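Student: Take this structure first; my questions come after.
The values are calculated or read from the model by the stated rules, or taken from the named source; none is laboratory data. Computed from a predicted model, the values in this text were never measured in an experiment. Neighbour counts are summed over all protein chains in view; Cβ atoms, including those assigned to glycine, are modelled from backbone coordinates with ideal geometry.
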Amino acid sequence: MEKKKIVAIIQARMGSSRLRGKVLMPIVGKPMLWHIFNRVKAAKLIDRIVIATSTESEDDKITNFCIKHNIEVFRGSRDDVLERYYLAAKKYKADIVVRITADCPLIDPKIIDKTIKFYIDDSYDLAGIATGAGASQKKINKFPDGLDCTVFSMESLETSNKNAADKDDREHVTLYITKRPKEFKIGTLNSSKDYSNVRLTVDHKEDLKLVRIIYKELYPTNKVFGLFDIIGLIKDRPELLKINQKYIGREGYDKLWQK
């Protein structure tokens, strides 16, 4: 059987409503997007990585960043992120797509590989890890918000792009699929312990402050430190959780599920 091509697509824009330009803000001397790319690159099962940004002029900075660092970049619709993903995946001939967002500078390559293996082993149409945001409607053990990773087939993406008409479905790449568990085989990779009280995504200045502290402590001795290194640091310094604790549970995903 011919090996399926696994393409990671990192969606990135400068125009975040909460923290504009965050994707290129520095963390230990490098842009946040640089760290995300290199952490995804450390995953062993991914064949190709593409940054998918918009055609808006403000996102020229992301394109220029990619060109400077020899990173492949695709530009598409600002608001129709589903179409942007589909066209990027089609251009790079993906069989399997790994969706990563550019607000996750602590994404763990080992957990990415674990999610891909979970997806392949059980022949899912879509598989994602349970995080504070992505699985907020379920009472299960979750990974920290900010380790978000979703794996899905090109066929599922193509079906979504062809049929999705709702604005939310076009803006949130996998929403069309996850709302239809009878049509698609969907899997959720749970954490062995519940870390839903840990927020590692970057939406606010407090989030970035925490991430910078974590990098300052762990990065010098291990460039690709993982979740359990972070958890170890937090056990030693539990006061770190207070920095962005107020934003936990305020991601807004529940409103989408209510629809």
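Student: When region 208-226 is examined, which residues are found to be aliphatic (A, V, I, L, M) and farther than 23 Å from LEU19 by Cβ?
Tutor: Within region 208-226, just VAL224 meets the criteria.
Student: Is there any pair with a first residue in region 193-208 that is in contact (Cβ under 8 Å) with a residue 12 or more places away in the chain and over 13 Å from ILE230 (Cα atoms) and a second that is surrounded by fewer than 21 Cβ atoms within 10 Å (Cβ to Cβ) and charged (D, E, K, R) whose Cβ atoms are under 6 Å apart and which are 6 or more apart or on different chains, and what are they?
Tutor: Short answer, once both residue conditions are applied: ASP203/ARG18; HIS204/ARG18.
For every residue, the table says whether it meets (1) part of a loop (DSSP other than H, G, I, E, B); (2) buried (at least 24 other Cβ atoms within 10 Å of the Cβ); (3) modelled with pLDDT under 95; (4) not aliphatic (A, V, I, L, M).
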{"site": "ASP113", "(1), (2), (3), (4)": "no, no, no, yes"}
{"site": "ILE120", "(1), (2), (3), (4)": "no, no, no, no"}
{"site": "TYR124", "(1), (2), (3), (4)": "yes, no, no, yes"}
{"site": "ALA133", "(1), (2), (3), (4)": "yes, no, yes, no"}
{"site": "LYS139", "(1), (2), (3), (4)": "yes, no, yes, yes"}
{"site": "THR159", "(1), (2), (3), (4)": "no, no, no, yes"}
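Student: Identify all residues within region 209-247 that are among the aliphatic types (A, V, I, L, M) and in contact (Cβ under 8 Å) with a residue 60 or more places away in the chain; write none if there are none.
Tutor: VAL211, ILE214, VAL224, LEU227, ILE230
Student: Further question on the same structure: How many residues does region 23-64 hold that are assigned to a strand (DSSP E or B) and either of a type in the set (A, V, I, L, M, F, W, C) or closer than 20 Å to LYS90 by Cβ (or both)?
Tutor: Residues that pass the stated criteria total 8.
Student: Just to verify a result, which residue in region 13-57, among those that are under 16 Å from PHE74 (Cα atoms) and out of contact with any helix residue (DSSP H, G or I) (no Cβ under 8 Å at 6 or more places or on another chain), is surrounded by the fewest Cβ atoms within 10 Å (Cβ to Cβ)?
Tutor: SER57
Student: Count, please, the residues in region 157-198 that happen to be touching a Phe, Trp or Tyr at 6+ places or on another chain (Cβ under 6 Å), closer than 19 Å to ASP95 by Cα and of a type in the set (S, T, N, Q).
Tutor: Residues that pass the stated criteria total 2.
Student: With within 27 Å of LEU24 (Cα to Cα) and within 18 Å of the chain's Cα centre (by Cα) as the only criterion, which of LEU126, LEU82 stands out?
Tutor: LEU82
Student: Let me spell it out: the conditions are (1) hydrophobic (A, V, I, L, M, F, W, C); (2) touching a Ser or Thr at 6+ places or on another chain (Cβ under 8 Å); (3) assigned to a loop (DSSP other than H, G, I, E, B), and VAL202 meets all of them except one. Which number is the exception?
Tutor: (2) is the only condition that VAL202 fails.
Student: Moving on. Looking at region 64-85, which of the residues that are closer than 24 Å to LEU175 by Cα and out of contact with any strand residue (DSSP E or B) (no Cβ under 9 Å at 6 or more places or on another chain) is surrounded by the most Cβ atoms within 10 Å (Cβ to Cβ)?
Tutor: LEU82
Student: Continuing with the same structure: What's the total number of residues in region 1-20 that are assigned to a loop (DSSP other than H, G, I, E, B) and in contact (Cβ under 8 Å) with a residue 24 or more places away in the chain?
Tutor: Of the residues in region 1-20, 9 are assigned to a loop (DSSP other than H, G, I, E, B) and in contact (Cβ under 8 Å) with a residue 24 or more places away in the chain.
Student: Since LYS61 meets every condition but one in (1) charged (D, E, K, R); (2) under 17 Å from GLU171 (Cα atoms); (3) out of contact with any Asp or Glu (no Cβ under 6 Å at 6 or more places or on another chain); (4) in contact (Cβ under 8 Å) with a residue 40 or more places away in the chain, which condition does it not meet?
Tutor: (2)
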